[in-house]
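In what follows, a structure is listed as structure tokens, so that the remarks can point back to it.
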Ligand SMILES: [Zn+2]
């Protein structure tokens with residue numbers, strides 16, 4: 001191992017000019033070089049790409065990197081080329097001869113690192129060209145796009161397991177910045193990874209100040225926003241913190257809204273108050289979107305008001321605040337969006353403005369209604385008649401809503417019955433019973449979405465440390481259970497004292513007397529096995545494999561022995 005360690009250090013110096021690895025990098029590279037699959041959860045900006053870029057230089061064959069966005073690939077490729085490494089990109093913008101010459105460089109061994117979009121694997125010529133290529137490492141970036149339950153679901157990701165098998169089942173590295181344990185499990189299953197080493201690194205972002213503001217009426221949230229921009233909402237915070245919070249509002253920022261209309265209206269409202277703002281959502285013209293994004297990245301535009309369509313691939317280090325005017329469908333979605341603030345490590349402010357009645361609206365907007373057995377049967381029969389059609393045609397033909405039709409197709413895709421690409425559906429085989437389409441997964445999805453939403457509500461409502469709440473969700477523990485960078489720990493003298501005490505005296509482990517601590521495996525008589533996600537507010541939250549998240553009263557759990565620790 002000593003030589004391996006020295007080899008890695010030397011390679012790091014030679015190829016990247018760095019003297020030492022950042023936390024987690026070496027730990028991820030070593031198993032990959034030994035041929036073991038790795039699932040790595042690491043925040044953006046923590047050095048994920050170095051892991052496979054370095055591995056690519058040390059492995060005999062080619063490293064293939066699947067990335068969801070051309071913009072992401074372009075940035076990466078530029079950075080790699082600057083270091084003098086040969087790198088290729090195959091995407092839909094290349095002409096056939098360009099694509100061929102890229103593949104030629106790969107075959108001849110000139111290119112060690114090749115970036116592709118997931119849709120490339122549908123291209124027969126590309127797969128043919130890859131036949132003779134020795135792929136050493138298969139990298140899936142933004143791996144959470146494979147989760148059908150996630151808001152960034154990308155259908156082409158479902159084909160990656162088959163693509164990897166066709167390439168000779170190379171060692172696989174799945175990367176994601178944010179994944180709840182549930183999504184982690186889904187990534188491993190859907191990519192068909194073999195006993196992967198699962199590593200979770202640094203969900204904590206200590207420079208993000210976390211706060212939530214509860215409002216009772218819809219019109220009140222604009223008042224909250226107005227007070228934030230005016231620096232009038234800082235009562236109860238100490239002087240230094242108040243100065244930092246007010247300062248953050250003078251920098252670059254993102255305001256997230258649930259609807260496209262709210263995005264436009266909020267931007268106009270801000271402009272009327274002299275704040276330089278514009279809006280961004282999926283329905284704006286592409287040229288407008290590009291203009292807004294470029295102006296924001298270059299610093300010409302201070303504030304972008306946007307739906308969740310904005311942000312993926314937007315790597316701006318000095319975003320000083322992210323305000324949510326609406327509640328995202330899950331805590332991981334929230335943390336991913338809020339986490340676009342403060343990537344340079346400087347102080348940044350993340351504020352969630354919420355009306356209790358609105359929690360669930362985002363999930364409702366995103367998920368549509370409920371697919372019943374009757375609807376599934378009708379839509380499946382319609383598909384058998386049409387054989388090839390668009391989702392909209394199938395919806396019209398069957399009288400089933402478009403969102404429900406899309407959900408049915410996802411189920412049929414999972415069974416190899418149908419296939420959808422960019423809204424066009426094709427029937428692959430018709431030896432199935434339209435009256436017996438399995439909807440367990442659909443029920444599973446609904447209970448999953450409900451429980452995710454409950455965790456989001458828990459975050460909004462908690463009176464305890466918000467940082468500890470989020471870390472608990474990602475199965476990491478905050479030492480001491482309090483911080484100095486959330487509203488609950490810093491607003492009012494008593495809260496400040498409590499946080500300071502916790503910082504001085506780390507947790508003494510009293511909670512662990514009965515074996516119940518965050519991250520621990522436990523069993524419940526009715527719900528089976530699960531993992532403790534969080535303890536606090538007099539309650540204990542457990543993620544059960546079969547039931548999703550359940551929150552139990554801590555006193556009851558202890559008095560009646562409702563949860564028994566399970567040994568791994
Ligand atoms: Zn805190």
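A short reminder: the numbers here are calculations on the coordinates, not readings from a lab. Just so you know, these numbers come straight off a predicted model, no measurement behind them. Counting neighbours? That spans all protein chains shown, and the Cβs are built from the backbone with ideal geometry, glycine included.
Between residue 276 and residue 554, how high is the FRET efficiency from 1/(1 + (r/R0)^6) when r is the Cβ-Cβ distance and R₀ = 51 Å? Nearest 0.05. Present the calculation step by step, with values, prior to reporting the outcome.
Numbers: r = 48 Å, r/R0 = 0.94.
Approximately 0.60, to the nearest 0.05.
Is the shape of the stretch 373-438 rounded, prolate or oblate, going by the alpha carbon gyration tensor and its root eigenvalues a ≥ b ≥ c, with a/c under 1.5 for rounded and a/b larger than b/c for prolate? Numbers along the way, then the final one.
Values: a/c = 1.36, a/b = 1.08, b/c = 1.26.
It is rounded, given that a/c, with a ≥ b ≥ c, falls under 1.5.
Residues in the stretch 248-289, backbone N under 18 Å from the label point at residue 227 (7 Å along the Cα-to-beta-carbon vector): list them, ranges by number please.
Label zone hits: 248-250.
I'd like the per residue volume of the convex hull spanned by the Cα atoms of the chain, given in cubic angstrom. Could you put the intermediate results ahead of the total?
On the way: hull volume 101.6 nm³, N = 568.
Output value, Cα hull per residue: 179 Å³.
In what sequence, highest mean first, do 522-532, 65-75, 318-328 appear when ranked by Cβ atoms within 10 angstrom? Mind dumping the intermediate values first?
Values: 522-532: 16.0, 65-75: 19.5, 318-328: 23.4.
With the highest mean Cβ count within 10 Å placed first, the list reads 318-328, 65-75, 522-532.
Run the numbers for residue 525 and residue 564: contour at 0.36 nm per residue of separation, minus the present Cα-Cα distance, in nm.
Details: separation 39, 0.36 × 39 = 14.04 nm, distance 0.89 nm.
Net length gain for the segment: 13.2 nm.
Using per-residue counts of other Cβ atoms within 10 Å, averaged over each peptide, order 413-422, 202-211 from highest down. List each step's numbers first, then the result.
Values: 413-422: 15.7, 202-211: 19.4.
The peptides rank, most packed first, as 202-211, 413-422.
Could you list 94, 39, 439 in order of exposure, starting from the residue whose Cβ has the fewest other Cβ atoms within 10 Å? Show your work: numbers first, answer last.
Working: 94 14, 39 24, 439 18.
By the 10 Å Cβ count, ascending, the order reads 94, 439, 39.
Antiparallel as a % of all DSSP beta bridges within the chain, to the nearest 5? Numbers along the way, then the final one.
Details: 26 of 76 bridges.
Roughly 35 percent of the DSSP beta bridges within the chain come out antiparallel.
Let me make sure I get this right: for the stretch 267-336, a, b and c are the square roots of the gyration tensor eigenvalues over alpha carbons, sorted descending. Under 1.5 in a/c it's rounded, otherwise prolate if a/b > b/c, else oblate. Which is it? Kindly include the intermediate steps, with their values, before the conclusion.
On the way: a/c = 1.40, a/b = 1.28, b/c = 1.10.
Cα axes put the stretch 267-336 in the rounded bin.
Output the peptides 260-269, 280-289 sorted from most to least packed, where packing is the average of other Cβ atoms within 10 Å over each peptide's residues.
Answer by packing, highest mean first, reads 260-269, 280-289.
How far apart, in nm, are two points set 7 Å out from the Cα along the Cα-to-Cβ line at residue 288 and at residue 134?
Label-label distance for residue 288 and residue 134, simple model: 5.3 nm.
Got the relative contact order for the stretch 373-438 handy, in percent, Cα pairs under 8 Å and 6 or more residues apart?
Working: 84 pairs, mean separation 25.8, N = 66.
It rounds to 39 percent for the stretch 373-438.
Sticking with the crude label model, points 7 Å out along Cα→Cβ, report the distance from residue 11 to residue 300 in nm, one decimal please.
Between residue 11 and residue 300, the label points sit 4.3 nm apart.
Could you please rank 496, 243, placing first whichever residue has the fewest other Cβ atoms within 10 Å of its Cβ? Walk me through the numbers on the way to the answer.
On the way: 496 17, 243 14.
Placing the least packed residue first, the sequence is 243, 496.
Which of 533, 18 has the fewest other C-beta atoms within 10 Å, and how do the rest follow up to the most?
On the way: 533 24, 18 14.
The order, fewest Cβ neighbours first, is 18, 533.
Per residue of the chain, what 222 nm ellipticity follows from adding -39500 (n - 2.57) for every DSSP H run with n ≥ 4, rounded to the nearest 500? Show your work: numbers first, answer last.
Working: 22 runs with 234 residues, N = 568.
Helix contribution divided over all residues of the chain: -12500 deg cm²/dmol.
Tell me whether the stretch 279-432 comes out rounded, prolate or oblate; compute the Cα gyration tensor, take square roots of the eigenvalues as a ≥ b ≥ c, and use a/c under 1.5 as the rounded threshold.
Numbers: a/c = 2.93, a/b = 2.14, b/c = 1.37.
Taking the square roots of the gyration eigenvalues as a ≥ b ≥ c, the stretch 279-432 is prolate.
Given points 7 Å out from each Cα along the Cα-Cβ axis, report the residue 93 to residue 428 separation in nanometres with one decimal.
The modelled label-to-label distance comes out at 3.1 nm.
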